[in-house]
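The values are calculated or read from the model by the stated rules, or taken from the named source; none is laboratory data. Keep in mind that what you see is a predicted model, and the values were worked out from it rather than measured. Note: ideal-geometry Cβ built from the backbone for every residue, glycine included; neighbour counts use all protein chains shown. Ligands, DNA and RNA are stripped out before the accessible areas are found, and what is left, the full protein with its side chains, is counted by its heavy atoms. Shrake-Rupley method; radii C 1.70, N 1.55, O 1.52, S 1.80 Å.
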Amino acid sequence: MRISARADYAVRAALELTVRQGGDPVKAETVAFAQGIPHKFLEGILGDLRRGGLVDSRRGGNGGYRLARPADTITVADVIRAVDGPIVSVRGERPNRLAYTGPAEPLLPLWVAVRANVRRILEGVTLADIATGTLPAPVRALAEEPAAWENP
């Protein structure tokens, strides 16, 4: 599985909005500068997040962006889906829509298991978890395994 630049930027932008909640809406330029994201690229991402119901926008001099829901109700999976679509796919298809025959038949449960585990992790971590530095224990445990840091 690859995390696209678009998904990475989207999560980082959402986190920037998370830590700036409570004040005025945050301008896209502010988010772009703070996170080192190309401004034009970020505008498209923020549009996707708005269409996905994750951020609200306001126009004008005091305009900008803010989270549409509390950060503890928005998961990393929500953000990735808003900008990239399904979390895990095989050749552009969800694994449960595939069929294999012969010696490749065991691939189907493998891809389904990969999808389920990725979803379990990304759906189990909210923007608030990351912003406060309190990743859930199962995620921390996986990240602390020696193999997690090795090159493939």
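Condition first: over 21 Å from Asp8 (Cβ atoms) and not in a helix (DSSP H, G or I). Now tell me which residues in segment 106-133 satisfy that.
Across segment 106-133, the qualifying residue is only Pro106.
Going by the conditions given, is Pro103 free of Cβ contacts under 8 Å to residues at least 12 places away in the same chain, assigned to a helix (DSSP H, G or I) and over 25 Å from Ser57 (Cα atoms)? Full working, then the answer.
Numbers: free of Cβ contacts under 8 Å to residues at least 12 places away in the same chain: yes; assigned to a helix (DSSP H, G or I): yes; over 25 Å from Ser57 (Cα atoms): yes.
Yes: the conditions hold for Pro103.
Could you list, in sequence order, all residues of segment 20-42 that are assigned to a helix (DSSP H, G or I) and exposed (fewer than 15 other Cβ atoms within 10 Å of the Cβ)?
Let us first name the residues in segment 20-42 that are assigned to a helix (DSSP H, G or I), namely 28-35, 39-42.
Hits for segment 20-42 are Glu29, Phe33, His39, Lys40, Phe41.
Filter segment 68-100 down to the residues that are farther than 17 Å from Arg12 by Cα and assigned to a helix (DSSP H, G or I), then identify the one that is most open to solvent (accessible area, probe 1.4 Å).
Arg97
Search segment 1-19 for residues being among the hydroxyl-bearing types (Ser, Thr, Tyr) and assigned to a helix (DSSP H, G or I), and hand back the single one that is least open to solvent (accessible area, probe 1.4 Å).
If we take residues in segment 1-19 being among the hydroxyl-bearing types (Ser, Thr, Tyr) and assigned to a helix (DSSP H, G or I), then Thr18 is least open to solvent (accessible area, probe 1.4 Å).
Return yes or no: is Val118 open to solvent by less than 80 Å² (accessible area, probe 1.4 Å), under 13 Å from Met1 (Cβ atoms) and touching a residue at least 60 places away in the same chain (Cβ under 8 Å)?
Values: open to solvent by less than 80 Å² (accessible area, probe 1.4 Å): yes; under 13 Å from Met1 (Cβ atoms): yes; touching a residue at least 60 places away in the same chain (Cβ under 8 Å): yes.
Answer is yes for this residue.
Please go through segment 39-84 and give me each residue that is in contact with a Ser or Thr (Cβ under 9 Å, 6 or more places away or on another chain) and without any contact (Cβ under 8 Å) to a residue 24 or more places away in the chain, ordered by number.
Selection gives Gly47, Arg50.
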